[in-house]
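Working notes, structure below.
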Amino acid sequence: MRIRSLNEYEDKFLYYINKWNKELTRYDDTKWFDTDLPWCIQNRYKQYEDWTFVVTDDNEEELVGFAAVQDFGNDCARILTRLYYNPKYRLKHVGYDMNNVTPANLITKHQVEKFKHKKHLFWSVEYMRRRKNAIRLSQKLNNFYGYDFNVLPDLYKTYNKDEQGAWQSISLYSLVNEPFPLEALTIREWKQKYE
């Protein structure tokens, strides 16, 4: 697998996401690519600071997975935003792979290297049930690359709406000893407010 940038891969990226919009039926897939939705990737991909594409090593350069980088101001960026794997390359089992390099590994390494001038890099997961996998991925990235990603105990507001999904578990890699600038809510407070 190799890495491509938006400048190198934009046409193929648009080809794949428009193809998936027509072919995929799983709701979690189709909501990202449905051009009837104003927030679909096709309508918003240029609003992100950067994109990373993992492609096959052959001449076809088939898209295996992708993710964006989102600027959060205050010298803070979210990496692995809109992380998505081509359904053809997804694992067929539910076990978490701690030992092998995956597209998320490659994307993270590339994005950390490219954006290490920021004070804080983080990635997030929306659903509470995904928190354990976030902890495991943090451990895996730290073991593979010597990073210091840690899933913080609170939830953080990742977009500007007062709704349940805005508060997410984050894995933070701070490159300076300064407070993380996003608004926080304890899990207990979140449960009282939304459950």
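Quick note: the coordinates plus some simple rules give every number you see, no bench work behind them. Owing to the predicted nature of the structure, the values given are computational and were not obtained by experimental measurement. In this analysis, Cβ positions are derived from the backbone assuming ideal geometry, glycine residues included, and neighbour counts consider all displayed protein chains.
Points worth noting:
- Residues K193, K46 arranged by fewest to most Cβ contacts within 10 Å: K46, K193
- Rounded to the nearest whole Hz, the Karplus-based 3J(HN,Hα) values (6.51 cos²θ - 1.76 cosθ + 1.60, θ = phi - 60°) of segment 72-87 follow the sequence 10, x, 6, 6, 10, 9, 9, 9, 6, 5, 6, 4, 8, 10, 3, x, with x at glycine and proline.
- Segment 84-163: GluC sites (Glu not before Pro) in DSSP coil with no more than 15 other Cβ atoms inside 10 Å: E126, E163
- Sites matching trypsin sites (Lys or Arg not before Pro) across segment 48-94 that sit in DSSP coil, with at most 14 neighbouring C-beta atoms within 10 Å: R90, K92
- Scaled against the 2.2 N^0.38 Å expected of a compact globular protein of N residues, the Cα radius of gyration of segment 2-194 reads 1.03.
- Radius 13 Å from Cβ of N177, net charge of other residues (Lys, Arg +1; Asp, Glu -1): -1
- In plain terms, the chain from E10 to W190 could stretch by 60.9 nm, reckoned as 0.36 nm per residue minus the Cα-Cα distance.
- 0 to 90° range, to nearest 10: angle between helix 131-145 axis and the chain longest Cα axis: 70 degrees
- With the simple spin-label model, which puts each label point 7 Å out from Cα in the Cβ direction, the M128 to L24 separation comes to 2.7 nm.
- Remark: F180, F53 ranked as F180, F53, counting other beta-carbon atoms within 10 Å and listing the fewest first.
- Our summary gives segment 1-157 a relative contact order of 17 percent, counting only alpha carbon pairs under 8 angstrom and 6 or more residues apart.
- Computed extension length for A166-R82: 28.8 nm, one decimal, from 0.36 nm per residue of separation with the Cα-Cα distance subtracted.
- For a straight C-alpha distance cut-off of 20 angstrom, the lysines reachable from K157 (same-chain residues fewer than eight places away being disregarded) are K118, K119, K132, K191, K193.
- Between 0 and 90°, nearest 10: helix 103-114 axis offset from the chain longest Cα axis: 70 degrees
- Cβ crowding within 10 Å, taken as a proxy for footprinting-reagent exposure, orders S171, S138 from fewest neighbours to most as S138, S171.
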